[in-house]
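The block underneath contains the structure these notes are about, expressed in structure tokens.
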Amino acid sequence: MTDQKQDTIDRLLEAPCWVIDFLPRRVPPHSEGQFFAVEKYFSSAPRLEAFRLKLADVLLKLSCYFDFEVIPGGEEAFRNPPPDTLAGWIANPRRTLLILLNSAQSLITLYPGDLCAAVHQPTGELLALLRPLAAANGLFVWRAE
């Protein structure tokens, strides 16, 4: 990865962030609900894989509108990888992915075991597409604090 690309990624990681999540908003710290038990349930292998498949559907559809530069954990960047390759990377709950949307100057990050994806510095256009795509797959998009 070039120094310039790394600088871009570092800058975007510090930018305002939204999440694509299995919950519609952040759970308050002192909630009376069962967040940790539910999170553990959804983090189990079959449920986490199902979440990542939903996320793959969202991001594959999003790739119809934006140029994707995908950096699968420690590997070289791939520009607009074939859909089956991209879907396989996203669906793997043990894989780290960085997805640069250069035209939107945004970054989507996926980390192993997470039940959300982070969307750094999304544009209005990007959010306008993400919201209905996520909703169609039973997911939610909201601003991280």
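Summary table
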read-out	value
The chain, relative contact order in percent, only Cα pairs under 8 angstrom and at least six apart counted	36 percent
Highest-MSF residue in the chain out of 88, 124, 33 [GNM, Cα springs under 10 Å]	33
Potential extension, residue 102-residue 10 segment - 0.36 nm per residue separation minus Cα distance	31.7 nm
Mean shadow area of segment 59-145 over all directions, Cα convex hull, nm²	5.6 nm²
Positive-end extreme of charge dipole, the chain - chosen from 71, 115, 46 (charges on Cβ)	46
Per DSSP, loop trypsin sites (Lys or Arg not before Pro) in segment 79-108 with at most 13 further Cβ within 10 Å	94
Kirkwood hydrodynamic radius (C-alpha pairs) into Stokes-Einstein, the chain, 10 °C and 1.306 mPa s, D in µm²/s	102 µm²/s
Angle in degrees between helix 124-136 and the longest Cα principal axis of the chain, rounded to the nearest 10	50 degrees
Sorted by Cβ density within 10 Å, fewest first, the residues 31, 43, 106, 63	31, 43, 63, 106
Summed residue charge, Cβ within 14 Å of residue 46's Cβ, Lys/Arg positive, Asp/Glu negative	+3
Low-density loop cleavage sites - GluC sites (Glu not before Pro) in segment 27-91, where at most 13 other Cβ are within 10 Å (DSSP)	32, 75, 76
Selection from 100, 33, 8 lying farthest towards where the dipole of the chain points positive, charges on Cβ	33
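Just so you know, all these numbers are worked out from the coordinates, no wet-lab data involved. Source: prediction; values computed, not measured. Please note: Cβ atoms are built from the backbone with ideal geometry, for glycine as well, and neighbour counts cover all protein chains shown.
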